[in-house]
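The values are calculated or read from the model by the stated rules, or taken from the named source; none is laboratory data. Bear in mind that the values here come from a model prediction, so they are computed numbers and not experimental data. Because the Cβ atoms are built from the backbone with ideal geometry, glycine has one as well, and the counts that use them run over all protein chains shown. The accessibility values were calculated without ligands, DNA or RNA, using every heavy atom of the protein model including side chains. Shrake-Rupley method; radii C 1.70, N 1.55, O 1.52, S 1.80 Å.
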Amino acid sequence: MASKTQDGSKGDTEPTRDGETDSNVVKTGSGVCTLEMEMNRSLVSDSKQNPGEVSVPLSLLRDRKLLLEDRKRLCALSLGTALLGILLMIIYYEICPYMYQPGTNTALFINCSISLSTGCLLIFIILFHHKDIMLFVIDQKQVDWRIAMSSHRVLVITVELLVCVIHPVGSYWEGGLHADSSSSPPLCIYKNQGGPLMNMELLLSVLMFLRLYLVHRAILLHSKVLLSPSYRSIGSLNNTNFNFRFVVKILMIKYPARTLLVFILFFWVTASWMLTLCERQYQATTGHMHTAMWLIAVTFLTVGYGDVVPNTSYGKAVCLFTGVTGVACTAMLVAVVTKMLTLNKGEKHLHFFMLDTQISNTVRHAAANVLRECWLLRRTKPGQPKGNRADHRRHQRCLLDAITVFRHQRLKQKMLNDRVSEMKELPKMQMTICNLSDNWNNSYKELQQRILSMEQKLDELSRCFQQTSELLSQVLCPRNPESR
């Protein structure tokens with residue numbers, strides 16, 4: 001049902017579905033406006049009946065505003081803590097061969113810092129979902145909080161906690177460092193190089209990048225689209241769901257090249273470092289950062305020269321994911337470039353007008369050349385005072401060439417007029433289709449009304465026939481005994 005606010009706008013009071021993470025992370029514009037409109041109505045009714053009890057709805061609105069701010073702050077803290085843990089992990093693997101030996105106090109300090117940031121991240125995630133549940137309780141008019149704990153929500157919270165808890169545990173064994181300066185800097189080498197424990201450490205380190213899923217939540221909660229009241233009020237009228245997909249669409253429409261460039265550069269650097277980390281244990285050429293960046297670039301662009309290939313299974317998985325992402329980004333890049341190179345309506349009109357002017361001038365020049373060659377051909381005809389057979393044949397050839405050029409220019413002018421007429425006829429066709437649809441709707445309504453009127457008339461006729469039959473039966477029944 002639609003309800004009016006004090007400024008005359010309408011909002012959707014239909015409750016949101018619990019269990020949807022994105023819609024619970026940020027409620028739709030209809031849900032936000034619904035609570036405000038219900039609170040305003042309750043304020044008006046309470047002020048008329050009990051003026052002293054107006055503080056209850058105001059406190060609910062104030063609590064909801066504070067919860068929204070706390071949720072946004074917790075989302076920023078979660079993303080910062082996740083990035084801090086990833087940065088500490090990168091620092092550990094980069095400075096390990098140069099700064100300290102495995103198992104030293106410095107290594108233990110960095111790994112303890114990674115574990116501490118992971119614990120803080122889990123706390124922030126739990127607090128964030130706690131605020132989300134409290135918002136659900138307020139939006140649904142003080143219902144029991146256990147109703148919000150649907151199976152979908154519990155599954156989402158569990159998956160988020162499992163993703164955020166992944167980090168390298170930092171187990172070390174005695175082992176020497178490779179002194180070969182020509183090779184890439186090795187990892188903190190385990191005693192059994194390439195063993196299952198080392199592969200597990202690499203896998204946990206790579207999977208730490210799954211924490212970057214928090215970026216989409218931060219973009220959503222801090223976007224101007226969500227924070228704008230006009231967006232929410234108009235979106236509630238159109239039943240628009242304010243989720244991450246909607247925000248990305250707006251970014252791609254407003255800043256398409258900038259958005260794609262930032263994503264591609266970030267993905268390029270991240271995937272290159274991940275490939276370097278996976279390939280260092282074999283001391284391969286892909287263990288160098290510049291070689292890994294070259295391999296990721298050619299894989300992302302789906303070129304695949306084959307001069308550099310990954311050696312480990314983790315490296316092959318990174319390259320596979322890079323190729324799939326590259327195909328998707330290439331398709332989006334083609335769409336963006338095509339849209340940027342497409343002329344708008346005013347530019348098309350200007351371009352076609354100038355082309356029509358140029359072709360018209362060319363047609364006039366070609367027609368003048370035809371007339372000139374005709375006059376020269378007649379002048380050099382044998383038997384004339386200045387007649388000459390060689391000049392006559394030359395002007396015949398020139399006349400045929402001028403006629404060919406004239407016909408070609410007329411054909412180009414006709415094709416241009418067809419394109420211009422298509423541009424002009426397209427809006428007319430749309431208007432015609434709209435008018436036809438309106439006429440069909442009106443005709444259908446008239447036909448439906450006529451059918452209803454015919455049904456009413458048929459009912460009246462049936463009642464009249466029934467009444468007539470009853471009157472005839474009443475008239476004829478008393479005469480039967482007399483006739484007997």
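Could you tell me which of the residues Ile157, Ile126 is touching a His at 6+ places or on another chain (Cβ under 6 Å) and open to solvent by 20 Å² or more (accessible area, probe 1.4 Å)? Steps first, answer last, please.
Numbers: Ile126 fails: touching a His at 6+ places or on another chain (Cβ under 6 Å).
Answer to the selection: Ile157.
Farther than 15 Å from Glu201 by Cα, assigned to a helix (DSSP H, G or I) and modelled with pLDDT of 90 or more - does that describe any residue in the range 88-108?
no
Can you confirm whether Arg258 is basic (Lys, Arg) and over 30 Å from Leu161 (Cβ atoms)?
The answer is yes for Arg258.
Among the residues of the range 64-90, which ones are open to solvent by 70 Å² or more (accessible area, probe 1.4 Å) and more than 20 Å from Ala107 (Cα to Cα)?
If the condition is that a residue be open to solvent by 70 Å² or more (accessible area, probe 1.4 Å) and more than 20 Å from Ala107 (Cα to Cα), then Lys65, Leu66, Glu69, Arg73, Leu77 are the ones that fit.
Give all pairs with beta carbons closer than 9 Å in which a residue from the range 263-291 that is at positive phi meets a residue that is outside any helix (DSSP H, G or I) and open to solvent by less than 70 Å² (accessible area, probe 1.4 Å); count only pairs at least 6 apart in sequence or on separate chains.
So the pair list comes out as Gln283/Ser183; Gln283/Ser184; Gln283/Pro186.
For the range 129-168, which residues satisfy the criterion of being β-branched (Val, Ile, Thr), assigned to a helix (DSSP H, G or I) and more than 25 Å from Glu69 (Cβ to Cβ)?
Of everything in the range 129-168, those that are β-branched (Val, Ile, Thr), assigned to a helix (DSSP H, G or I) and more than 25 Å from Glu69 (Cβ to Cβ) turn out to be Val154, Thr158, Val159, Val163, Val165.
What number of residues within the range 145-171 satisfy the criterion of being among the charged types (D, E, K, R) and farther than 30 Å from Asn199 by Cβ?
2
If we scan the range 317-326, do we find a residue that is farther than 30 Å from Tyr93 by Cα and either over 25 Å from the mean Cα position of the chain (by Cα) or without any contact (Cβ under 8 Å) to a residue 60 or more places away in the chain (or both)?
no
Determine if the range 383-397 includes at least one residue that is touching a helix residue (DSSP H, G or I) at 6+ places or on another chain (Cβ under 7 Å), assigned to a helix (DSSP H, G or I), open to solvent by less than 100 Å² (accessible area, probe 1.4 Å) and modelled with pLDDT of 85 or more.
There is at least one residue in the range 383-397 that is touching a helix residue (DSSP H, G or I) at 6+ places or on another chain (Cβ under 7 Å), assigned to a helix (DSSP H, G or I), open to solvent by less than 100 Å² (accessible area, probe 1.4 Å) and modelled with pLDDT of 85 or more.
Report every pair of residues separated by at least 6 positions or lying on different chains whose Cβ atoms are under 9 Å apart, first residue within the range 368-388 and farther than 21 Å from Arg410 by Cβ and polar (S, T, N, Q), second crowded, with 17+ Cβ neighbours inside 10 Å and at pLDDT 75 or above.
From the range 368-388, the pairs are Thr380/His392; Thr380/His395; Asn388/Thr380.
Out of the range 298-327, which residues are in a helix (DSSP H, G or I) and open to solvent by 50 Å² or more (accessible area, probe 1.4 Å)?
If the condition is that a residue be in a helix (DSSP H, G or I) and open to solvent by 50 Å² or more (accessible area, probe 1.4 Å), then Ser313, Tyr314, Lys316, Ala317, Leu320, Phe321, Val324, Val327 are the ones that fit.
Restricting to the range 328-343, name every residue that is loosely packed, with under 11 Cβ neighbours inside 10 Å, modelled with pLDDT of 85 or more and not small (Gly, Ala, Ser).
Correct list: Val334 only.
Does the range 205-221 include one or more residues that are within 14 Å of Ile166 (Cα to Cα) and modelled with pLDDT under 85?
no
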